[in-house]
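The values are calculated or read from the model by the stated rules, or taken from the named source; none is laboratory data. The structure displayed is predicted, hence computed values, not measured ones. So basically every Cβ, Gly included, is an ideal-geometry build from the backbone, and we count neighbours across all protein chains shown. Just the protein is used for accessible areas: all its heavy atoms, side chains included, with ligands, DNA and RNA removed. Shrake-Rupley method; radii C 1.70, N 1.55, O 1.52, S 1.80 Å.
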Amino acid sequence: TESRSDLEDLHLYATPREQRFRSFASLEFEGQLYMTPYDFIQAVTSDEPKRAKKWRSLSKQELNQILMETPPVWKGSSKLFRNLNEKGVISYTEYLFLLCILTKPHAGFRIAFNMFDTDGNEMVDKKEFLVLQEIFRKKNEKRERKGDEEKRAMLRLQLYGYHTSTNSVLKTEGEDLVPRSYWDTLRRSTSQALFSDLAERADDISSSLSDTTLLVHFFGKKGKAELNFEDFYRFMDNLQTEVLEIEFLSYSNGMNTISEEDFAHILLRYTNVENTSSYLENMRCRIPEEKGITFDEFRSFFQFLNNLEDFAIAMQMYNFASRSIGQDEFKRAVYVATGVKLSPHLVNTVFKIFDVDRDDQLSYKEFIGIMKDRLNRGFRGYKPIQRYTTFKSCVRKELYSR
């Protein structure tokens, strides 16, 4: 058994994603850390844990009881994580998977399902889902901080529950997997993960890992159930809705709307904008009378953000045509690129927040840069850039999410 100080030292060898998981996780079972559903919600809606980090050790009996009470996937809802609260266990790789879900457009849900469905039978079973463990583990090893190999091995054991080996379902020799996100890793790597190879070793992988709330929710208590696309889609949509509801309700105080200023606060959270006060002051001056933002407007905006890359392409078309970006152009580009209709009031509010020079035009490159930060909840990496005296000095450039 390692001393507490030794375990705390592992934080120095962890990536930012690993550090956040370790900071919010509250459970430990056989040396591996887990989040509860409550921990996960806190991790994606709060800046810091609301309680001091203390990992509670679960007994086998306690874990079994938690898993026995896990509802089946057909009983899922947009209150699943809130209802489970502390009665659930989420592993590190599942944490990464859930983060991916929060940033994916609805149109991408079918692609995601097909990537898991490696044998093409329109159903995903537990063995196929375990591809996720291997892909995300391999991706994470590419990003590991250099240092004491013994410490890194301890950290891997804490995060994955077993000592990782060089044997993997992924081809690694001669390949450099450096995609933009974990979801891209999944997309690019599934073709490399041969189902026959996975099937041979999935039992070995599964035997070294404990069942989790997600595995039981998707595949039943015996692990024999299969997941169809309708249930998979519903789970992803419910999770996105639940997190947005929690963020909205934290500002609405029981009302049907949040203020435009609160909306600005939410948008600027988890970004690398250094001086948010100028945006807030700009909006206060230009929207003196509050009308409020409804949840439907709030949700539609974040659905649009999940399609941000397609929107960026549409914006480039305006740029090539040397056309300025006013509110009508912005609203049309959002609809053409994403299929999402934003209300005139919501578009006006966005312009009032980000149109700092007050010319009724949007600098879309700066807007997209900030929104990529928000979409990835502060985990965008960035390359050192020259510091300018303009607004651009506030933006950390280029997506390099973990």
In region 28-72, which residue that is of a type outside the set (Val, Ile, Thr), part of a loop (DSSP other than H, G, I, E, B) and farther than 20 Å from GLN158 by Cα is most open to solvent (accessible area, probe 1.4 Å)? LYS50
Of the criteria (1) within 17 Å of the chain's Cα centre (by Cα); (2) open to solvent by 70 Å² or more (accessible area, probe 1.4 Å); (3) of a type in the set (A, V, I, L, M), which one ALA25 fails: (2)
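If I filter region 290-299 for residues that are of a type in the set (Val, Ile, Thr) and surrounded by 15 or more Cβ atoms within 10 Å (Cβ to Cβ), do I get at least one hit?
Residues of region 290-299 of a type in the set (Val, Ile, Thr): 293-294.
With the extra rule that they be surrounded by 15 or more Cβ atoms within 10 Å (Cβ to Cβ), the set shrinks to 293-294.
Checking region 290-299: at least one residue is of a type in the set (Val, Ile, Thr) and surrounded by 15 or more Cβ atoms within 10 Å (Cβ to Cβ).
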Residue pairs qualifying under the 7 Å Cβ cut-off, at least six apart or on distinct chains, with the first in region 297-310 being under 17 Å from LEU99 (Cβ atoms) and the second being modelled with pLDDT of 90 or more, are PHE302/LEU244
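For region 73-121, give me every one of the helices (runs of 4 or more DSSP H) that falls completely inside it and has 1 or more residues that are charged (D, E, K, R) and in contact with a Cys (Cβ under 6 Å, 6 or more places away or on another chain). Write out each step before concluding.
On the way: elements: 80-84, 92-102, 109-116.
Hits in region 73-121: none.
Per-residue answers, yes or no, for (1) under 22 Å from ARG269 (Cβ atoms); (2) surrounded by 19 or more Cβ atoms within 10 Å (Cβ to Cβ); (3) free of Cβ contacts under 8 Å to residues at least 40 places away in the same chain; (4) of a type in the set (Ser, Thr, Tyr):
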| position | (1), (2), (3), (4) |
| --- | --- |
| PHE218 | no, yes, no, no |
| LEU227 | no, yes, no, no |
| TYR233 | no, no, no, yes |
| ASN238 | no, no, no, no |
| GLU245 | yes, no, no, no |
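Can you find, within region 343-357, the residue that is farthest from THR294 (Cα to Cα) among those that are open to solvent by 10 Å² or more (accessible area, probe 1.4 Å) and either at pLDDT 85 or above or of a type in the set (Lys, Arg) (or both)?
This residue is LYS352.
Restricted to region 248-257, and to residues that are within 25 Å of ASP39 (Cα to Cα) and crowded, with 17+ Cβ neighbours inside 10 Å, which residue is farthest from the chain's Cα centre (by Cα)?
Step one: list which residues in region 248-257 are within 25 Å of ASP39 (Cα to Cα), which gives 248-254.
Filter once more, keeping what is crowded, with 17+ Cβ neighbours inside 10 Å: 248, 251-252.
On the way: PHE248: 17, TYR251: 21, SER252: 23 Å.
Of everything passing the filter in region 248-257, SER252 is farthest from the chain's Cα centre (by Cα).
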Selection from region 358-367 of residues that are surrounded by 14 or more Cβ atoms within 10 Å (Cβ to Cβ) and either not basic (Lys, Arg) or not in a helix (DSSP H, G or I) (or both): GLN361, LEU362, SER363, TYR364, GLU366, PHE367
